[in-house]
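The block underneath contains the structure these notes are about, expressed in structure tokens.
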Amino acid sequence: MNSADPPQSYQITHRRVLAIDVGGSHVKVRVSTRREERQFVSGPDLTAKRMVAGVHKLTGDWTYDAVSIGYPGIVIHGKIMTEPHNLGGGWVGFDFRAAFGRPTRVINDAAMQAIGSYQGGRMLFLGLGTGLGSAMIVDGVVAAMELAHMNYKNGKTYEEYAGERGRRRLGPKKWGRVVNDIVKTLRVAMEADYVVLGGGNARKLKKLPKNARLGNNDFAFLGGFRMWRATASRVPSGGGVVCLT
């Protein structure tokens, strides 16, 4: 399968799912019955309330009956546990179901894209964007991780090297070498069969690390749609761990 090809079709319990990918620079949305993607700018002033208002404004002419949200931070059992590093506040404790008026599931954004990228076995997903997202899927079960804020070297974290600020500080060539080393280190540590690199900066790599392939922005939306598939019904609504088998 080509790295840009979406995974095989799947059954969903809700026919029309709105997937929301919340990032440090943009919020992107798509509904499962359409190919069109829409987006608006995010940033350090984007609160949860403003995100919902922006989505409502963008999707006023769309019809959907369930919502999936990929959030750039820690989510446990469908609940946001920490405020985001690169956005505004008001996310912890926010009632998204009430705000959208529909069943809503929240998951870490890297985990949502990982679900859409998964092709079996042990997969490590790394999202190279404003920060560094990470998730692992083993035999169909996905768990988000917070590798970004672990120490990498010289007193700096993985995110400070692999994220956008690291790319600007190091320059494209050195950043590419550092990302290659990080991918190799984490792939070995996590015993992954393969690594999927997503996020806006992944395509800026001149050379892909061994056993790694590029993801696709569509995979985040596909992951959001798959969160409502029938085989995920064993997971508590909004759970942070999703069974894909």
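Mind listing whichever residues of the stretch 18-71 are part of a helix (DSSP H, G or I) and open to solvent by 40 Å² or more (accessible area, probe 1.4 Å)?
LYS49, ARG50, ALA53, HIS56, LYS57, LEU58
I'd like to verify a number: residues in the stretch 95-112 that are open to solvent by 20 Å² or more (accessible area, probe 1.4 Å) and part of a helix (DSSP H, G or I), how many?
4
Could you please find all residues in the stretch 132-179 being surrounded by fewer than 16 Cβ atoms within 10 Å (Cβ to Cβ), β-branched (Val, Ile, Thr) and farther than 19 Å from ILE74 by Cβ?
Residue satisfying the conditions is VAL138 alone.
Restricted to the stretch 190-243, and to residues that are in contact with a Ser or Thr (Cβ under 7 Å, 6 or more places away or on another chain) and aliphatic (A, V, I, L, M), which residue is modelled with the highest pLDDT?
Looking at residues that are in contact with a Ser or Thr (Cβ under 7 Å, 6 or more places away or on another chain) and aliphatic (A, V, I, L, M), I get VAL196.
Could you tell me which residue of the stretch 59-79 is farthest from the chain's Cα centre (by Cα), considering only residues that are at pLDDT 95 or above and among the β-branched types (Val, Ile, Thr)?
Here the answer is THR63.
The values are calculated or read from the model by the stated rules, or taken from the named source; none is laboratory data. Predicted model only: the values in this text are computed from it and were never measured. Ideal geometry is used to build each Cβ from the backbone, glycine not excepted, and the neighbour counts take in all protein chains shown. Surface areas here come from the heavy atoms of the whole protein model, side chains and all, with no ligands, DNA or RNA. Shrake-Rupley method; radii C 1.70, N 1.55, O 1.52, S 1.80 Å.
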